[in-house]
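Okay, so here's the structure we're looking at.
What follows is calculated from the coordinates using simple rules that are stated; it is not laboratory data. Note that the coordinates shown come from a computational prediction; the quantities given were computed from them, not determined experimentally. As a convention, Cβ positions derive from the backbone with ideal geometry for all residues, glycine included, and neighbour counts pool all protein chains shown.
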Amino acid sequence: MEPESPWAKYPEDMVLRHLNNKKWFGLLMTVNAGVLGLDRDEQVDILNVKCEPLEIDFLSQQPGFFHGYHMNKNHWLTILLDGTVPMETVCGLIEHSFDLTAPKIKKKK
């Protein structure tokens with residue numbers, strides 16, 4: 001699967017989406033650090049992923065994590081992609097988001 005750039009106005013912003021159900025499991029964006037509550041006036045790269053609410057509450061208390069920027073703050077987590085969060089953790093959260101948004105398998109009767 002390839003990331004999509006659905007907005008002509010923001011060609012650098014990319015959506016990660018399932019091929020079969022078209023649900024998003026990731027959103028890569030560049031935003032001003034101030035919108036995340038950071039005391040910096042610079043552009044930063046972020047990744048939004050879907051998570052469980054308790055996981056979001058826990059992670060958002062740690063450096064590099066925020067309640068979903070520009071998304072449902074109860075179900076989406078924003079990750080600052082400046083090296084604060086180890087890439088291994090980022091990859092794990094992408095996989096988890098992929099699983100949470102995957103099509104549900106219906107059981108045969």
In the set GLY26, GLY34, which member is closer than 17 Å to MET71 by Cα and more than 16 Å from the chain's Cα centre (by Cα)?
-> GLY34
Per the filter on the range 56-72, residues without any contact (Cβ under 8 Å) to a residue 40 or more places away in the chain and not hydrophobic (A, V, I, L, M, F, W, C) are ASP57, SER60, GLN61, GLN62, PRO63, GLY64, HIS67, GLY68, ASN72
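Matching residues to (1) among the acidic types (Asp, Glu); (2) surrounded by fewer than 16 Cβ atoms within 10 Å (Cβ to Cβ); (3) in contact with a Lys or Arg (Cβ under 6 Å, 6 or more places away or on another chain):
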| residue | (1), (2), (3) |
| --- | --- |
| GLU4 | yes, yes, no |
| MET14 | no, no, no |
| ARG17 | no, no, no |
| LYS22 | no, yes, no |
| ASP39 | yes, yes, no |
| HIS70 | no, yes, no |
Counting only residues that are surrounded by 18 or more Cβ atoms within 10 Å (Cβ to Cβ) and on the phi < 0 side of the Ramachandran plot, how many does the range 45-66 have?
-> 10
Being under 19 Å from MET14 (Cβ atoms) and of a type in the set (S, T, N, Q) narrows THR84, THR101, THR89 down to just THR101
